[in-house]
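The values are calculated or read from the model by the stated rules, or taken from the named source; none is laboratory data. This is a predicted model, so every value here is computed, not measured. As a convention, Cβ positions derive from the backbone with ideal geometry for all residues, glycine included, and neighbour counts pool all protein chains shown. For accessibility, only protein heavy atoms count, side chains too; no ligands or nucleic acids. Shrake-Rupley method; radii C 1.70, N 1.55, O 1.52, S 1.80 Å.
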Amino acid sequence: MAEWVKQLQNSVNTLERLKAFINVTAEEEKAITVLDTKWGTTPYFATLMDPDDSDCPIRKQVIPSMRETENRHGIPNYLVRKENRDTDEIRPDSIARQYHDRIAFTVTDMCANYCRHCFRKELVVDRNLKLRFDVEEGLQWIRGHREIRDILITGGDPFILSDDRIEYLIQKLREIGHVEMIRFGTRTPIVLPHRITDGLKKVLSGYQRVPVWVNTQCNHPKEITEKTARAVYDLLSCGVNVSNQAVLLKGINDDVDTFRQLHQKLLAIRIRPYYVFYCEPVPGIDHFRTSVEKGAELIRDALRGHTTGLAQPMYMIDTHIGKIPLMPDYYIVEKTQKEYKLRNYQGFCTSIPNIPE
């Protein structure tokens, strides 16, 4: 049996298993016992936790917290509003569309690591939303929309699917003449680098008309290990470029030293920093949110002039009208004590809460 499969089968998703890796605090044990939420990670990622420090950045991303019951700024059913905008277009549950020429194709709601800050928390973690992910229905929809040139395969985490299923998806998408690019959103290079096997590399490799890209998520330099470096090198060696989409998380990566080290270490293992996302208004993650200005300040103070421009990501928020840059310019239209009014590239506007320091 492949090591990555063993890792998934032995997921650290019970209090007993967690205690084999760390000294669980009373607060952590209460949250695990009381909260009705899906949680867990791989044994590999669990070994990166500090066994004696509940403030460990990896622990806080993995272990439920009673602070998830606090909700001042989260919007109930936000995912429904986001992926089913007011439109006459009828789409399968597996297809999320915000742009004319590209879509997100959701193929699973399962993950190797259930991030406590997940922007699809209602679907993947809390399971309050019940959506139907029919791959064949999604493929048929894509075939019928010739304007779609760019496919993001997402979840959950699509790389926890078998090699055969991933190969089938890639093959069927490449058979569609108007598809020009396939992207995978996966945390496996970070939380389960064992997944980048010879079999998967064979599926992804080769010179093809439709290239494959990988976007991963690494939020703290502690997550970067030699195993991840090897997995990324193996992906690059078979023709797959790897970029990072970090999430700005209060108390985890919102200080200058950590932010700079994260992006320098990403480049050191050949991952291109692409985005830093501001936390979306998902219920139960208020304790992870910084002020909106914080991300722009960190890029200015930690990266610009302090490291190569290659290490400087774009600071964004993903909203129901698409991704919007959060640098202080055209895109921030108005700020009040209550909220920010933001404008996207098309001139459409939306609002997000103003979170004080």
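In Å², and per residue, what accessible area does segment 112-229 have when probed at 1.4 Å with the other protein chains present? Please list the in-between numbers first.
Working: 4640 Å² over 118 residues.
Computed with neighbouring chains in place, this is 39 Å² per residue.
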Revision key, fill the gap. Note on the chain: contact order normalised by length, alpha-carbon pairs under 8 Å, 6 or more apart, percent, works out to 14 percent
Revision key, fill the gap. For Ile153, the residues 5 or more places away or on another chain with a placed amide H closer than 5 Å to its own amide H are Phe105, Arg183, Phe184, Gly185
Check your understanding: Once phi is turned into ³J(HN,Hα) by the Karplus curve 6.51 cos²θ - 1.76 cosθ + 1.60 with θ = phi - 60°, what whole-Hz value does each residue of segment 31-36 show in order, with x for glycine and proline?
Key -> 4, 4, 7, 8, 6, 8
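For the pairs Lys172/Lys265; Lys60/Lys265; Lys30/Lys250; Lys38/Lys201; Lys6/Lys222; Lys6/Lys201, note any where the Cα-Cα span goes beyond 27 Å. Working shown, then result.
Details: Lys172/Lys265 36 Å; Lys60/Lys265 21 Å; Lys30/Lys250 22 Å; Lys38/Lys201 30 Å; Lys6/Lys222 23 Å; Lys6/Lys201 19 Å.
Check vs 27 Å cut-off fails for Lys172/Lys265; Lys38/Lys201.
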Exercise for review: Consider all pairwise Cα distances in segment 213-357 and report the whole-number % of them above 25 Å.
Suggested key: 31 percent
Practice item. Could you calculate the FRET efficiency of Gln140 with Arg230 from 1/(1 + (r/R0)^6), where r is the beta carbon distance between them and R0 is 45 Å, rounded to 0.05? Key: 0.75
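Hey, any idea what Rg/Rh is for the chain, computing Rh the Kirkwood way over Cα pairs? The partial results should precede the final answer.
Details: Rg = 19.7 Å, Rh = 21.0 Å.
Reported Rg/Rh (Cα atoms, Kirkwood Rh): 0.94.
Roughly speaking, what is the stretch gain from Glu339 to Arg91, that is 0.36 nm per residue apart minus the C-alpha to C-alpha distance, in nm to one decimal? It would help to have the intermediate numbers written out before the result.
Numbers: separation 248, 0.36 × 248 = 89.28 nm, distance 3.16 nm.
Between Glu339 and Arg91, full extension yields 86.1 nm more.
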**Study point:** Qualifying aspartates and glutamates (Cα of each under 14 Å from Cα of Lys335; at least 8 residues distant if same chain)
**Key:** Glu293
Check your understanding: Can you give the Rg and Dmax of segment 110-264 based on its C-alpha atoms, in angstrom?
Key -> 16.5, 49
Exercise for review: Can you send over the carbon and sulfur percentage of the accessible area for the chain, probe radius 1.4 Å, protein chains only?
Suggested key: 47 percent
Review point. Once amide H atoms are built 1.01 Å from N in the peptide plane, which residues 5 or more positions from Val247, or in another chain, come under 5 Å H to H?
Key: Phe277
Practice item. Determine ³J(HN,Hα), in whole Hz, for all residues of segment 320-325 in sequence, where each value follows from phi through the Karplus function 6.51 cos²θ - 1.76 cosθ + 1.60 and θ = phi - 60°; x replaces Gly and Pro. Key: 6, 10, x, 7, 10, x
Review point. Across segment 255-266, in residue order, what do the Karplus-derived ³J(HN,Hα) couplings come to in whole Hz, using 6.51 cos²θ - 1.76 cosθ + 1.60 with θ = phi - 60° and x for Gly and Pro?
Key: 10, 4, 5, 5, 4, 5, 4, 4, 6, 5, 5, 4
Exercise for review: Please list 279-285, 20-26, 63-69, 166-172 highest first by mean number of surrounding beta-carbon atoms within 10 Å per residue.
Suggested key: 279-285, 63-69, 166-172, 20-26
Revision key, fill the gap. Taking only the alpha-carbon positions of segment 271-357 as identical scatterers, the Debye log10 I(q)/I(0) at q = 0.12, 0.20, 0.27 Å⁻¹ comes out as -0.37, -0.99, -1.46
Check your understanding: Tell me, what is the FRET efficiency for Ala26 and Glu357 to the nearest 0.05, using R0 = 30 angstrom and their Cβ-Cβ distance as r?
Key -> 0.55
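What is the extension gain from Asn10 to Ser243, computed as 0.36 nm multiplied by their sequence separation minus the C-alpha to C-alpha distance, in nm to one decimal?
81.1 nm
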Check your understanding: Lys19: which aspartates and glutamates have alpha carbons under 13 Å from its alpha carbon, excluding same-chain residues fewer than 8 sequence positions away?
Key -> Glu28, Glu29, Asp50, Asp52
Point to revise | Counted charge near Arg149, where neighbours are those whose Cβ lies closer than 11 Å (Asp, Glu -1; Lys, Arg +1) | key: -2
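What full-extension length gain, to one decimal in nm, is calculated for Arg149 and His100 as 0.36 nm per residue of separation minus the Cα-Cα distance?
On the way: separation 49, 0.36 × 49 = 17.64 nm, distance 0.93 nm.
So the chain would gain 16.7 nm between Arg149 and His100.
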Check your understanding: Who wins for biggest fluctuation among Asn215, Asn13, Asn113 in a Gaussian network model of the chain, springs between alpha carbons below 10 Å?
Key -> Asn13
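Given the chain, what percent of its DSSP beta bridges are antiparallel, to the nearest 5? Can you show the working numbers first?
Numbers: 16 of 42 bridges.
Counting DSSP beta bridges with both partners in the chain, the antiparallel share is about 40 percent.
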Practice item. Sum -39500 (n - 2.57) across every DSSP H segment of at least 4 residues in the chain, then divide by the residue count to get the 222 nm mean residue ellipticity, nearest 500. Key: -7500 deg cm²/dmol
